[in-house]
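The structure under discussion appears below in the form of structure tokens.
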Amino acid sequence: TKTYRIAMIPGDGIGKEVIPQGQCVLQALAQKTRRAQFEFESFDWGGDYYRKHGVMMPDSGVQTLKSFDAILFGSAGDPDIPDHITLWGLRLKICQGLDQYANVRPTRILRGIDAPLKRCGPEDLDWVIVRENTEGEYAGVGGRVHQGHPIEVATDVSMMTRAGVTRILRYAFELARSRPRKQLTVVTKSNAQRHAMVMWDEIANEVAKDFPDVTWDKELVDAATARMVNKPRSIDTLVASNLHADILSDLAAALAGSLGIAPTGNLDPERRYPSMFEPIHGSAFDIMGKGLANPIGTFWSAVMMLEHLGEQEMADRLMAAIEAVTADRSNHTRDLGGAATTEAVTAAVLRALDV
Ligand code: NAD
Ligand code: K
Ligand code: MN
């Protein structure tokens with residue numbers, strides 16, 4: 001059997017609570033299926049590391065990660081450290097350092113979950129949102145001059161490169177093609193952002209020529225939010241810039257029931273480097289340390305990791321266990337209106353894996 005080396009970065013807040021649960025479930029899955037083995041190594045990077053060393057992770061961190069097959073990530077964000085430091089010092093450093101340019105976020109309503117939209121069942125909401133993950137609004141370009149003075153000017157430049165936009169659109173068209181409906185919505189704000197987003201639209205037209213079998217359309221990002229709520233069925237695969245898709249995918253997660261369920265993969269589609277999988281939620285300061293965190297987002301992220309590693313059978317088995325668990329309301333954590341603890345949900349998944 002194959003052995004996969006998995007780097008675990010629990011990070012901060014509830015990341016430290018849910019990632020060990022993910023490890024536990026993956027170990028059990030390996031024992032039961034005997035399809036593959038996992039060798040985990042955990043890294044204590046994050047807020048506590050920052051307090052000790054003045055950085056969120058060592059300089060050699062990205063290099064260290066390169067020797068792993070995949071990365072399981074929790075959350076970066078500490079109540080006592082500014083968010084831009086924790087985010088840029090850890091998660092973005094890894095995503096950009098390992099050129100994980102495609103952030104992929106599947107969204108659907110799992111069995112037993114009450115989603116907030118009326119007249120919207122599982123058959124109406126089955127999306128994959130593709131987020132550009134290395135440049136755009138989060139390129140880190142900009143600065144502040146005359147800081148703190150009345151004449152201060154601050155900029156965050158949204159930097160898009162032809163190469164960066166082309167590769168993410170190509171990835172999104174490929175992904176749309178692989179799904180039954182073969183349908184893609186390209187989201188921009190090219191009426192207001194008249195340089196980079198217009199280029200984005202032009203490149204979409206060019207790339208689309210290579211995908212005649214994919215039906216595609218364009219939508220402005222503000223209209224896209226309304227469409228997600230009003231006509232969820234009209235969407236299948238959706239691609240957008242770093243900021244736009246960041247926002248749309250949190251909305252998507254809420255429409256599917258809870259932020260605590262939603263998974264994501266930060267992928268290097270060319271597989272030069274390991275990809276990183278994480279629940280989309282953050283540190284959740286309001287519930288940390290209380291055993292209230294929903295670990296399903298981490299488990300579903302582990303499913304994405306298994307798919308990426310080519311272990312489809314294990315992925316299917318874990319996904320089936322997850323849905324068997326969500327189908328039973330007694331396994332719902334507080335974010336889903338239930339009273340189950342983090343560990344109780346894990347225990348339920350372990351039992352479901354036995355069947
Ligand atoms: P958040 O995702 O941490 O929390 C938003 C709300 O959702 C909170 O009410 C929280 O209790 C709830 N929630 C989130 N995950 C849950 C789970 N698994 N189970 C039950 N409830 C859950 O977002 P935020 O409050 O905006 O951010 C808190 C911190 O996390 C900030 O420092 C932020 O920068 C960071 N953050 C990090 C990431 C990341 O590492 N990828 C993502 C988002 C936010
Ligand atoms: K996260
Ligand atoms: Mn986000």
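Values in this text are rule-based calculations from the coordinates and carry no lab data. Computed from a predicted model, the values in this text were never measured in an experiment. Don't worry about glycine lacking a Cβ; one is built from the backbone with ideal geometry, like all the others, and counts go over all protein chains shown.
So the values come out like this:
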item	result
FRET efficiency, T341 to D124 (Cβ-Cβ, R0 35 Å, nearest 0.05)	0.65
Region 115-256, relative contact order [Cα under 8 Å, separation at least 6], %	37 percent
Within region 1-96: Cβ-based charge dipole about Cα centre, in debye rounded to nearest 20 (Lys, Arg +1; Asp, Glu -1)	560 debye
Amide proton proximity set for F277, modelled H, under 5 Å, gap of 5+	I71, L72, F73, N266
Region 94-136 versus region 305-355: alpha-carbon centroid distance in Å	18 Å
Contour excess over end-to-end distance, with Cα ends at A320 and I247 and 0.36 nm allotted per residue	23.4 nm
Calculated FRET efficiency for the pair E313/R351, C-beta based, R₀ 22 Å, to 0.05	0.65
Residue among I235, V187, C120 farthest towards the positive dipole end of region 115-256, charges placed on Cβ	C120
Antiparallel %, DSSP beta bridges [both residues in the chain], to 5	40 percent
Dipole in debye (nearest 20) - the chain, about Cα centre, beta carbon charges: Lys, Arg +1; Asp, Glu -1	600 debye
Ranking of Y273, Y50 by count of other Cβ atoms within 10 Å, fewest first	Y273, Y50
Estimated vicinal HN-Hα couplings, Hz - region 145-160 in sequence order (Karplus 6.51, -1.76, 1.60; Gly, Pro = x)	10, 6, 4, x, 8, x, 8, 4, 10, 10, 10, 10, 7, 7, 9, 10
Exposure proxy ranking, count of Cβ atoms within 10 Å, fewest first, for D126, D213	D213, D126
FRET E, pair R233, E152, Förster distance 56 Å, beta-carbon r, rounded to 0.05	0.75
R162, R108, R329 arranged by Cβ crowding within 10 Å, fewest neighbours leading	R162, R329, R108
Options V55, T341, F173, ranked by Cα towards positive dipole end of the chain, top entry (Cβ charges)	F173
All Cα pairs of the chain, percent lying beyond 26 Å	50 percent
The chain: relative contact order in percent, alpha carbon pairs under 8 Å with at least 6 residues between	22 percent
Potential extension, T33-D201 segment - 0.36 nm per residue separation minus Cα distance	55.9 nm
Total charge dipole magnitude, region 115-256, about the Cα centre, Cβ charges on Lys, Arg, Asp, Glu only, Debye to nearest 20	300 debye
In Hz, Karplus ³J(HN,Hα) per residue of region 61-72 (6.51, -1.76, 1.60; θ = phi - 60°; x = Gly, Pro)	x, 4, 4, 4, 5, 4, 8, 9, 7, 6, 10, 10
Column: log10 I(q)/I(0), Debye, Cα scatterers of region 115-256, q = 0.12, 0.15, 0.19 Å⁻¹	-0.52, -0.75, -1.09
Centre separation in Å (Cα based) which lies between region 1-38 and region 228-261	27 Å
Gained length - L117 relative to A254, 0.36 nm times residue gap less alpha-carbon distance	48.3 nm
Separation of the T215 and D80 label points, Cα + 7 Å toward Cβ, nm	5.6 nm
Calculated from backbone phi, Karplus (6.51, -1.76, 1.60) coupling profile of region 163-175 in Hz, x at Gly/Pro	5, x, 6, 4, 5, 6, 5, 4, 4, 5, 4, 4, 5
